[in-house]
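Shown next, in structure tokens, is the structure this report addresses.
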Amino acid sequence: MAENTSLIEQAKVEGGPLSANEASTKMFKMLRASDLISGPMDKEPDTILVVDDDPITRMVLAELFRSDYDIQEADDGHVALQLVLADPLRYCAILLDYAMNVMDGLEVLENLSRRELLTRIPVFLITAEANSEVTKDAYDLGVMDVISKPVVPHVVRRRVDSVIELYQSRRRLSNTVKSQADELLEQAERIIDLSNGMIEALAAAIEFRDGESGEHVRRIRNITRLMLEGTLLGEGLTPQEIDAIEIASMMHDVGKIAIPDAILCKPGKLTAEEFDIMKTHTTVGSDMLASIPHFDELDSYEYAVDIARHHHERWDGRGYPDGLVGDQISVWSQVVALADVYDALRSKRVYKDAFGREKVLRMITGGECGAFNPRLLETFMAVEPAIDQMYR
């Protein structure tokens, strides 16, 4: 009785046999964990599908595996294909005859390959026509091994068992890696939430120094998101970038930590000298953020440094500290600047009472708070009714 055609020993591709190294490489490419469709971890596929139009061959192969696997039989390729498509997670291997009347083995392989099921279910092509062309076509489609008829039972059993065990090991490894990746992702999300919470707490603590509550920080954050997410101002920004800008906006006044209480908390108007000191919170804040170890690894880093330095710049160049003009000021710094002014006017401060909504809008549009980008003002006025709800 002839020996079975194995993947390593007798497969002929492009007119010549596969070397052991080439065959091993081909096998492991097909078994990459990233390509496997992971099934439930608590239940491995346990059914071998035997497909052959010869009842004697089906009986021999079925009895060979019946003691350790559930066996399902099909007498033509079309029936076999329907069984697999109905429940692909069920099968741990397919023993597939090549020459069948209704649908031959290569046609079945083509259908399984097109649906990317050969990366999940190892298929063994059984044929009495193990010529180079059939073998090449089978391997090109993704068959695991080609076995020649008449079969040698103990050889077939060893080969099929080994491949099933390898597939199961890869599947378990894939599930383990996925589980660990999910855990790492959850940990990363918790760390991000913790970091954002610490940033918000720091910003709120700085606001408390000049008699403000943390609500100012939260309103600036919410207004910034609304302006970038709900209007054309955010055009071209990804959701991740808007998230980063939202976080960065909370740190706009971080430099106030270096301003003396006598100036920061002064109830009256600042002198020219005091105002010069107050203005340094922009440069101090940006320098402080730039010097924090590893802060530059965060997505919000560049936005935070820019906003801290430039949220008091004005469209006409009369802002500070750099006197930027027009589009020299980033969109996110412009948005935070307007949000900061709006909230300052509508909130009670140590040096003033809260102003009414109509007065605030007149002051901003009339230029009493410095010049703003006309497009920014137009967009702001369109969403201001929604922003107003934050104060009610």
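Read-outs throughout are calculated quantities, based only on the coordinates presented, and are distinct from any laboratory measurement. These numbers come from a predicted model, not from an experiment. Glycine gets a Cβ as well: all are built from the backbone with ideal geometry, and neighbour counts include every protein chain shown.
Can you work out the Karplus-derived ³J(HN,Hα) for every residue in the range 279-286? Use 6.51 cos²θ - 1.76 cosθ + 1.60 with θ = phi - 60°, whole Hz, and x for glycine or proline.
With coefficients 6.51, -1.76 and 1.60, one gets 5, 5, 5, 6, 6, 4, x, 5 Hz.
Within 10 Å, count the other beta carbons around each residue, average over each peptide in 286-296, 301-311, 156-166, and list them highest first.
Working: 286-296: 14.1, 301-311: 23.5, 156-166: 16.6.
By packing density, highest mean first, the sequence is 301-311, 156-166, 286-296.
Where the only charges are on Cβ atoms (+1 Lys, Arg; -1 Asp, Glu), what is the dipole of the range 224-277 about its Cα centre, to the nearest 20 debye?
Details: 4 positive and 10 negative charges, 45 e Å.
Rounded to the nearest 20 debye, it is 220 debye.
Give me CYS92, CYS369 sorted ascending by neighbouring Cβ count inside 10 Å, so fewest comes first. Numbers along the way, then the final one.
Details: CYS92 24, CYS369 18.
Exposure proxy ranking, most exposed first: CYS369, CYS92.
Compute the FRET efficiency between ASP287 and GLN168 as 1/(1 + (r/R0)^6), taking r as their Cβ-Cβ distance and R0 = 41 Å, and round to the nearest 0.05.
Details: r = 58 Å, r/R0 = 1.41.
Step by step, r from the Cβ atoms, then E = 0.10.
Provide the gained length on full extension for the span GLU63 to LYS178, in nm with one decimal, where the gain is 0.36 nm per separating residue minus the Cα-Cα distance. Can you show the working numbers first?
Working: separation 115, 0.36 × 115 = 41.40 nm, distance 3.66 nm.
Taking 0.36 nm per residue and subtracting the Cα distance, the gain is 37.7 nm.
Fully extended, how many nm does the chain gain between SER113 and ASP388 (0.36 nm per residue separation, minus their Cα-Cα distance)? Each step should come with its number before you reach the end.
Values: separation 275, 0.36 × 275 = 99.00 nm, distance 5.85 nm.
Separation in residues times 0.36 nm, less the Cα-Cα distance, equals 93.2 nm.
If you rank TYR167, TYR320, TYR391 by fewest surrounding Cβ atoms within 10 Å, what's the result?
Details: TYR167 22, TYR320 18, TYR391 14.
Least to most surrounded, the residues fall as TYR391, TYR320, TYR167.
Cα gyration tensor of the range 210-391, axes a ≥ b ≥ c as square roots of the eigenvalues: rounded (a/c below 1.5), prolate (a/b > b/c) or oblate? Write down the numbers at each step before the final one.
Numbers: a/c = 1.43, a/b = 1.05, b/c = 1.37.
Cα axes put the range 210-391 in the rounded bin.
Please compute the modelled spin-label separation between ASP316 and ASP296, points set 7 Å along Cα→Cβ, answer in nm with one decimal.
The modelled label-to-label distance comes out at 3.8 nm.
What is the gain in length, in nm to one decimal, between ARG158 and GLU274 on full extension, counting 0.36 nm per residue of separation less the C-alpha to C-alpha distance? Present the calculation step by step, with values, prior to reporting the outcome.
Details: separation 116, 0.36 × 116 = 41.76 nm, distance 8.72 nm.
My answer for the length gained is 33.0 nm.
Based on the Cβ-Cβ distance from ASP140 to LEU85, what FRET efficiency comes out when R0 is 22 Å, to the nearest 0.05?
Values: r = 22 Å, r/R0 = 0.98.
It comes out at approximately 0.55.
Return the FRET efficiency for the residue pair ALA262, LYS348: r is the Cβ-Cβ distance, R0 is 25 Å, and the value is rounded to the nearest 0.05. It would help to have the intermediate numbers written out before the result.
On the way: r = 20 Å, r/R0 = 0.81.
According to the calculation, E is roughly 0.75.
Suppose each label sits 7 Å from its Cα in the direction of the beta carbon; what would the VAL325-GLU229 distance come out to in nanometres?
Roughly 3.7 nm, to one decimal.
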